[in-house]
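Here is the structure we will look at.
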Amino acid sequence: MGNKYYHMKKWIMSLVCCLSLTICLAQEEAEVGLIEKLQSEVTEQSEILKKLQKLKVSGYIQTQYQWGEEYALLKVGSLNNDLDKSFSRFGIRRGRIKFIYEENIASGVFQLDLTEKGIKFKDAYLQVKDPWLKTNSLRAGIFDRPFGFEISYSSSRRESPERSTVFETLFPEERDLGAMLHLQAGKNSPWHFLTLQAGLFAGNGIKEETDSRKDFIGHLFANKDINSNLAIGGGISYYHGSVHQGTENVYKMEGKSFVLNSNPDNIGKFAKRQYFGIDAQLYVNSALGMTQLRGEYLFGQQPGQELGSKSPNTSVLLAIDTYIRQFNGGYVIFIQDLGSMPLSAVLKYDWYDPNTKVKKDEVGLNHTGETDILRHTFGVGMLWRINNSLRLQAYYDFKNNEKTENLPAFTGNLKDDLFTLRLQYKF
């Protein structure tokens, strides 16, 4: 009897040991499985984090108040509905958000503009760098035209509220659809200070292409730090393109008059669009603070319309007579930081002469009109850099125009001055 109990006890103890061992092994397997699962999740999260690190998001928002005289063209709100009085408007001038995804030598860029007027896209392009020096690249899509300095100078940094009249007229929306090469010597080369940007573009701004013709734009420029307190820059630009002729009527200046060439063969042909540009920049750091002096001069031939010399920014081919004019324009801007204070004073002069062949009382005769009036602006402003992200800008534009006795609206100076107060947040 005792022997029987002894064997039963031994059997039970063996069973308990087996069960305990099984439970321990199961726990170890469960722990191993949990560790492997955690390791897998960490690896997955790490891959996601690496991808997110390749994505950069930035942007800025500009809220502004504008006041204008009776005929002022404000950049926010609707037009003046009572031309006997001055008027004011609130609005979002720009609400930009930009996405850049970069991996190895390739990157993709998208930028949107969100305001109370709707959502528009501003940039959509890909860029591929050379795998050796990484200073050369090919860019294709919608992006800034490579002409001069002010076009590509970001609106979030610009010291005047808007680009100069000549650029707003000749390069509406600043961007175009095309492909561009960016060429620059390596960092160790003595020629690294030189850069060439050149490309072919559709010529319609941010619109679909309508013909097989391409516009060429090129900019050769240099930037050089002379010493720690002095830097200079400058460049030359060239634009060679064309504008569709919608009717048989093409007007071209001869002497002081527009001369009509009316030929059915003109319909569907293209008038030459040609610009030359020179730009220069000077930066001096002293006890007074940073001093900047920048300027550009443009001249050439612009095919426009009777009622405007603005470049095309539409994909619709309009049946409108063509007017070919010789133009010039440009700007000079002076920015002075006020010592160590986060304040800068700004002075700017810009002009645009759409028709250099006629002056003053010659305008309004021989098929010339309001479009041929010389306009120039003197701007004065202050910038307060509240912190690294926040900036307040106050700026007044004194608008002036050429006067002529042949156009009733321009026998004197048109009342179109405007004041801008802008608060900008950049992230």
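The values are calculated or read from the model by the stated rules, or taken from the named source; none is laboratory data. Values in this document were obtained by computation on a predicted structure and should not be read as measured data. Because the Cβ atoms are built from the backbone with ideal geometry, glycine has one as well, and the counts that use them run over all protein chains shown. The accessibility values were calculated without ligands, DNA or RNA, using every heavy atom of the protein model including side chains. Shrake-Rupley method; radii C 1.70, N 1.55, O 1.52, S 1.80 Å.
Within the listed set Gly412, Gly330, Gly304, the Gaussian network model of the chain (springs between alpha-carbon atoms below 10 Å) gives the highest mean-square fluctuation for Gly412. Using 0.36 nm per residue and subtracting the Cα-Cα separation, the extra length available between Leu183 and Leu83 on full extension is 30.9 nm.
Accessible-area rank, largest first, for Leu390, Leu49: Leu49, Leu390, with all protein chains present and a 1.4 angstrom probe.
Taking only alpha carbon atoms, the chain gives an Rg to Rh ratio of 1.24, where Rh is the Kirkwood radius. Under 18 Å from a label point set 7 Å out along the Cα-to-Cβ vector of Thr356, the amide N atoms of the stretch 220-264 belong to 236-241, 252-258. Scalar couplings 3J(HN,Hα) for the stretch 202-215, obtained by applying the Karplus form with A = 6.51, B = -1.76, C = 1.60 to θ = phi - 60°, are 5, x, 10, x, 7, 9, 5, 6, 10, 8, 8, 7, 10, 9 Hz; x denotes Gly and Pro.
Cα centroids of the stretch 241-266 and the stretch 328-388: 30 Å apart. Overall form of the stretch 157-216: oblate. Here a/c, set by the Cα gyration tensor axes a ≥ b ≥ c, is 1.5 or more, and a/b is not larger than b/c. Take the Cβ atoms of Lys256 and Lys51, set R0 to 60 Å, and the FRET efficiency comes out at 0.40. For the cross-link pairs Lys50/Lys129; Lys134/Lys224; Lys75/Lys360; Lys272/Lys357, the ones whose C-alpha atoms lie over 25 Å apart are Lys75/Lys360.
Quick check: from the Cα gyration tensor, does the stretch 303-364 come out rounded (a/c under 1.5), prolate or oblate? Oblate, since a/c reaches 1.5 and b/c is not below a/b.
Applied to the stretch 138-153, the Karplus parametrisation 6.51 cos²θ - 1.76 cosθ + 1.60 on θ = phi - 60° returns per-residue 3J(HN,Hα) values of 10, 10, 9, x, 10, 7, 4, 5, x, 10, x, 9, 5, 4, 8, 6 Hz, with x for Gly and Pro.
Solvent-accessible area per residue in the stretch 312-427 equals 47 Å², computed with a 1.4 angstrom probe and all protein chains kept. Working note: Karplus 6.51/-1.76/1.60 with θ = phi - 60° gives the stretch 350-356 the couplings 9, 8, 8, 10, x, 9, 6 Hz, where Gly and Pro are set to x. For the chain, the longest principal axis of the alpha carbon atoms and the long axis of helix 2-53 meet at an angle near 10°.
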